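See structure below.
The values are calculated or read from the model by the stated rules, or taken from the named source; none is laboratory data. Please read all numbers here as calculations on a predicted model, not as lab measurements. Counting neighbours? That spans all protein chains shown, and the Cβs are built from the backbone with ideal geometry, glycine included.
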Amino acid sequence: MTYLQTRHNPARERARRVLLATGIMVVAVAIIHFLRPHLFPALFTSVARPFWRTELAIKLGSLTSPEGLLQENELLKRQLSDEALRLATVRAVEMENAELKALLGRASTTPYVLSAVLKRPPVSPYDELVIDAGADHNFNLNDNVYAPGNVLIGRISEVLGQTSKVALFSSPGEKYEVLIGTSHAPATALGRGGGQYEADLPRDVKVSKGDFVIAPSRGDKPFGTVISVATDPAEPFEKILFAPPVNEYELRWVLVDNSTAL
Amino acid sequence: MKKIRSLFGLLILLGLLQGWWFLILPVGLFGAWAWPLYVEIILAGFVYDSLYGFAPSIGLWGYLGTLVSLSIVILTAGLKMVVRK
């Protein structure tokens, strides 16, 4: 009489169960992420935020000795009194500027929210910034984000509880209508990532290194400065490379305009 | 071996907090080869995307970490089956 031999391999059985459990977990997580796309980012960011804040505090020197802090405090007080003198002049110019803008029919001031940059490129491969303010400061999707000096660098792409992600305008593939140089030559700028853009212009348009670039759709703030003009005699167009006047890789603070989203 | 795996887990955690994908990737590749079903790398890919990716404006590109980690686990599992036969 012959019997069927049953093969029972416990190790293989265990591996199969683990594989099945992992597969079920992956599917479950995918479904939850599809239904609640902000759940996991908010959860993991709230866990990582204290570490990021501590790192930022160390970088900014907040954890130095009391003596060091007192000295720094004294130095800052002195600088502050010097700056107060300059501020009086600046205020006068600002008032004049506000009056002139009001005459032209535009808002003179915009309430900005200052936010610390927790993570920035090139560490993150997504060409994004993670900043230390979010729904708690009434941020909305597509709120404009400015670097110090009122340089428009991106927009809010995701709002979480106490953090937000900022998509930089220079992200690869992003396109903008811009005006280049003193002649305001119109062109389409293409983001190249890493804080750089490129645009093609006819060769007879005079553009030189250091010329300003403005994006009318993004307000009247400076959008970038020309860093290189590449001309090939065989081509009818010249390639203009430009970048924001600030280095996005070194940003520690940004300003978010949470009053309007373009 | 458990200690090494824990150490690798800590390295991955450090890479996640700092956004150092260039640390997570080699650790994940080695782990996926050394241990059967190295789930830490799948989790790491997903958490990395949650922290730094997943923005609607960047589309599928925001899921790069998850896709790469799943690919690593699947490819190394297949490769191990072929090599260790």
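Which residues, taken from the stretch A:18-65, are charged (D, E, K, R) and part of a helix (DSSP H, G or I)? The answer is A:Arg49, A:Arg53, A:Glu55, A:Lys59. Taken residue by residue, the stretch B:41-54 has no member that is modelled with pLDDT of 90 or more, farther than 30 Å from A:Gly191 by Cβ and aromatic (Phe, Trp, Tyr). Does the stretch A:222-235 contain any residue that is charged (D, E, K, R) and either in a strand (DSSP E or B) or over 23 Å from A:Pro172 (Cβ atoms) (or both)? No, because not a single residue in the stretch A:222-235 is charged (D, E, K, R) and either in a strand (DSSP E or B) or over 23 Å from A:Pro172 (Cβ atoms) (or both).
Taking the numbered list (1) assigned to a helix (DSSP H, G or I); (2) at the interface with chain B (Cβ under 9 Å from one of its Cβ atoms) in turn, A:Gly68 passes all entries but (2).
Within the stretch A:111-132, the residues that satisfy the criterion of being part of a loop (DSSP other than H, G, I, E, B) and either over 19 Å from A:Asp257 (Cβ atoms) or at pLDDT below 75 (or both) are A:Pro111, A:Arg120, A:Pro121, A:Pro122, A:Val123, A:Ser124, A:Pro125, A:Tyr126, A:Asp127. Looking at the stretch A:10-19, is at least one residue acidic (Asp, Glu), on the phi < 0 side of the Ramachandran plot and either under 21 Å from the mean Cα position of the chain (by Cα) or within 12 Å of chain B (Cβ to nearest Cβ) (or both)? No. Checking the stretch A:89-110 against the condition returns a match, with at least one residue being within 22 Å of A:Leu251 (Cβ to Cβ), in contact with a strand residue (DSSP E or B) (Cβ under 6 Å, 6 or more places away or on another chain) and modelled with pLDDT under 75. Under the condition of being farther than 22 Å from A:Arg252 by Cβ and of a type outside the set (A, V, I, L, M), the residues counted in the stretch A:66-76 number 3. A:Gly191 falls short on exactly one of the conditions (1) at positive phi; (2) within 14 Å of another protein chain (Cβ to nearest Cβ); (3) not hydrophobic (A, V, I, L, M, F, W, C), and that condition is (1).
Taken over the stretch A:155-189, the residue count meeting the criterion of being within 17 Å of the chain's Cα centre (by Cα) and of a type in the set (A, V, I, L, M, F, W, C) is 7. A count restricted to the stretch B:8-39 and to residues that are among the aliphatic types (A, V, I, L, M), within 10 Å of the chain's Cα centre (by Cα) and surrounded by 20 or more Cβ atoms within 10 Å (Cβ to Cβ) stands at 4.
Do we have A:Thr54 as within 12 Å of chain B (Cβ to nearest Cβ), more than 15 Å from B:Tyr48 (Cα to Cα) and in contact with a Leu (Cβ under 7 Å, 6 or more places away or on another chain) here? Answer is no for this residue.
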